[in-house]
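A.B. asks: Would you mind keeping the following structure in view while I ask a few things?
The values are calculated or read from the model by the stated rules, or taken from the named source; none is laboratory data. Only a predicted model underlies this, so the values are computations on that prediction, with no experimental measurement involved. Cβ: placed from backbone, ideal geometry, glycine included. Neighbour counts: every protein chain shown. These area figures cover heavy atoms from the full protein model, side chains too; ligands, DNA and RNA do not enter into them. Shrake-Rupley method; radii C 1.70, N 1.55, O 1.52, S 1.80 Å.
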Amino acid sequence: MNPRNQFANDPHLPRYHFTAPQGWLNDPNGLVHWQGEYHLFYQFNPHGAYWGAMHWGHAVSTDLVHWTDLPIALAPDMPYDRDGVFSGCTIIHDGKPVIMYTGVNSPHQLPCVAYADDNLRTFTKAAQNPVISAPPDNLVADFRDHSMWHDGEWWYQILGSGDGTHAVAPLFRSKDLLSWEYLGRMIEASDAINEQLYECPDFFASNNQHVFITSPLPMRRVIWMSGAFNGRKFTPSQRNMVDEGMSFYAPQSFSDAQGRRIMIGWCQEQRHDSSCRAAGWQGVMTLPRIIALDDAGALTFTVAPEVANLEGITITHGRDLTVSQAQTALAHVAGDSLVIHARIAAHGDAKTTLILRHDPHSGEQTTVTWDRGRNELVCDMAQSSRNQNTSRDCYRTTLHTSVADELELHIYVDHSIIEIYAGAYTVCTLRVYPTHAANRYQLVTSGDVSINELIVRHMA
């Protein structure tokens, strides 16, 4: 029996976002496009919907949105990784796929190599593991997660670590992936309060600059930095949030055959752990995002165009609508698996609120507000559920100056996950758990507002 079938009637299980067949899911790992297939590995506990016994789950897709479950790729079955096969990446070395991951034999967390067959279906751990014997440079035992790139005859990698006070990304190089030379600290944090350990570092070139993405502890938010890299040191000149939502964490990106940089992130649950254990699953992956730096060095986000392949029947489609016309159109929308595309024009101090996952009887609802006067987006979950053991967060963020008098919104609703794209520079991911159907939608405005376009479609 397909283990997914047991969750078919779960009202909170996403349908078009990737989840594990059962149990616990966290960080995306080893993302790679190889021989026409996209591979998604991920941190996975097959034994229950709680963190522990970390394996690498594995799924494959030809279009980035329809995924097929494959057998577990890596299990904690060796002395050096008996306490967990932690996060890592997949690279193509000498024409063959190779995985670099963190093997955990508590308290040790050390880099390990696994070789894959040509189809990326079977995996053999290197006899030389671990390939770095200890953290250098007085770094702490938290020495994990990998980002790698190739330059000339050398492979380079950074890991996530710290020195007991500040977060550090140590830089190494190797020709054979087995013998590694330490090159120093590529970057270290200046904020000793919020950035004591860099988790899940991701480093790549974009538009003649470089991007460093990480999930620092204890901040537990995902940040990006852009700046200059001289081969040893990265000097950031800009930084901001990757996603405004607290559930978004530990993303990883990769380049595909088209040269696109594609990011997928892990969305943590925002309800009590006991609810997740009872449900039998925990953790969701975001939709794939195309990311790139603009000419000014700011990171942009676009939903991968393949996501449009999931769009089904059109519920409503209109252009150049008055607010009243748009309100009437949304009043006929019902569903918990859909997408809203909207272009909203506003002037002065106008405000526009889209009410999502609304139940008129219980009052459950989640709201997304564009405050034109403040150039601000507000995503509010204060009334998203009558279950008191779920998040009540409200996220406020200043929008990019390019928004001006028109905001383009793409809102992906999939049961307990909502992804909100506001312009090209802002994404906010929410987790909501209504106790009632909460499948209605409304529009509320004040001031000078018109709707240039409104499209709502079911998602397959």
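A.B. asks: At a 1.4 Å probe radius, which order do GLU195, GLU181 fall into by accessible area, largest first? Mind dumping the intermediate values first?
C.D. replies: Values: GLU195 5, GLU181 75 Å².
Most to least solvent-accessible, the answer reads GLU181, GLU195.
A.B. asks: Jot down the per residue volume, in cubic angstrom and as a whole number, of the convex hull over the alpha-carbon atoms of the range 78-166.
C.D. replies: On the way: hull volume 9.3 nm³, N = 89.
Looking at the range 78-166, the number lands at 104 Å³ per residue.
A.B. asks: I'd like the Karplus ³J(HN,Hα) series for the range 59-65: coefficients 6.51, -1.76, 1.60, θ = phi - 60°, whole numbers in Hz, and an x wherever there's a Gly or Pro.
C.D. replies: 9, 9, 8, 9, 9, 6, 10
A.B. asks: So, one more: Roughly what percent of Cα-Cα pairs across the range 309-390 reach past 20 Å?
C.D. replies: On the way: 1479 of 3321 pairs.
The proportion of pairs with Cα distances above 20 Å equals 45 percent.
A.B. asks: Given labels modelled 7 Å from the Cα in the Cβ direction, how far is it in nm from VAL444 to ALA382?
C.D. replies: About 1.0 nm, to one decimal.
A.B. asks: Once label points are set 7 Å from the Cα along Cα→Cβ at both THR398 and ASN5, what is their separation, rounded to one decimal in nm?
C.D. replies: Rounded to a tenth, the inter-label distance reads 5.5 nm.
A.B. asks: Further question: Pulled fully out, how much extra length does the chain show between GLU453 and LEU70, if you take 0.36 nm times their separation in residues and subtract their Cα-Cα distance? Walk me through the numbers on the way to the answer.
C.D. replies: Working: separation 383, 0.36 × 383 = 137.88 nm, distance 4.06 nm.
Result: 133.8 nm gained on full extension.
A.B. asks: Considering only protein heavy atoms and a probe of 1.4 Å, how much of the accessible area of the chain is carbon and sulfur, as a whole percent?
C.D. replies: Numbers: 8450 of 17620 Å².
Here it works out to 48 percent.
A.B. asks: For HIS436 and ASP176, calculate 0.36 nm times their separation in residues minus their Cα-Cα distance, and state this gained length in nm to one decimal. Mind showing how you got there, number by number?
C.D. replies: On the way: separation 260, 0.36 × 260 = 93.60 nm, distance 5.62 nm.
Using 0.36 nm per residue and subtracting the Cα-Cα distance, I get 88.0 nm.
A.B. asks: Once you have the alpha carbon radius of gyration of the range 319-460, what is it after dividing by 2.2 N^0.38 Å, with N set to its residue count?
C.D. replies: Ratio of Rg to 2.2 N^0.38 Å for the range 319-460: 0.98.
A.B. asks: Treating each Cα of the range 186-343 as an identical point scatterer and ignoring solvent, apply the Debye formula and state log10 I(q)/I(0) at q = 0.10, 0.12, 0.18 Å⁻¹.
C.D. replies: Results for the range 186-343 at q = 0.10, 0.12, 0.18 Å⁻¹ read -0.52, -0.71, -1.15.
A.B. asks: Here's something else I'd like to know. Can you list the aspartates and glutamates whose alpha carbon is less than 20 Å from that of LYS125, not counting same-chain residues fewer than 8 positions off?
C.D. replies: ASP77, ASP81, ASP83, ASP94, ASP117, ASP145, ASP176
A.B. asks: If you wrap the range 217-271's Cα atoms in a convex hull and average its projection over all directions, what's the area in nm²?
C.D. replies: On the way: hull surface 21.9 nm².
The Cα convex hull of the range 217-271, projected and averaged over all directions, gives 5.5 nm².
A.B. asks: I'd like to check one number: the per residue accessible area of the chain, probe 1.4 Å, reported in Å² as a whole number. Spell out each step's value before the answer.
C.D. replies: Details: 17620 Å² over 460 residues.
That works out to 38 Å² per residue.
A.B. asks: At 1.4 Å probe size, with no ligands or nucleic acids counted, give the accessible surface of VAL242 in Å², nearest ten.
C.D. replies: 0 Å²
A.B. asks: What is the Cα centroid distance between the range 164-181 and the range 341-418, reported in whole angstrom?
C.D. replies: That distance is 42 Å.
A.B. asks: Suppose every K and R has +1 on its Cβ and every D and E has -1 on its Cβ; what is the size of the dipole of the chain about the Cα centre, in Debye to the nearest 20?
C.D. replies: Approximately 500 debye in magnitude.
A.B. asks: Follow-up question, since we're still on this one. Could you work out the helix-only [θ] at 222 nm for the chain, with each DSSP H run of four or more residues adding -39,500 (n - 2.57) and the total divided by the number of residues, to the nearest 500 deg cm²/dmol? Spell out each step's value before the answer.
C.D. replies: Numbers: 2 runs with 16 residues, N = 460.
Result for the chain, helices only: -1000 deg cm²/dmol.
A.B. asks: Given q = 0.06, 0.08, 0.10, 0.12 Å⁻¹, what are the Debye log10 I(q)/I(0) values for the chain, with equal point scatterers placed on the Cα positions and solvent ignored?
C.D. replies: Taken in order of the listed q values, log10 I(q)/I(0) reads -0.26, -0.46, -0.73, -1.04.
A.B. asks: Charges at C-beta only: +1 for Lys and Arg, -1 for Asp and Glu. How large is the resulting dipole of the range 1-84 about its Cα centre, in Debye rounded to 20?
C.D. replies: 180 debye
A.B. asks: In addition: Could you give me D for the range 23-176, from Stokes-Einstein at 37 °C and 0.692 mPa s, where the hydrodynamic radius is the Kirkwood radius over C-alpha pairs? Units µm² s⁻¹, please.
C.D. replies: Working: Rh = 15.9 Å.
My calculation gives 207 µm²/s for D.
A.B. asks: Give me the dipole magnitude in Debye, nearest 20, for the range 360-399 about the Cα centre, with unit charges on the beta carbon: positive for Lys and Arg, negative for Asp and Glu. Please list the in-between numbers first.
C.D. replies: Working: 5 positive and 5 negative charges, 9 e Å.
Roughly 40 debye, rounded to the nearest 20.
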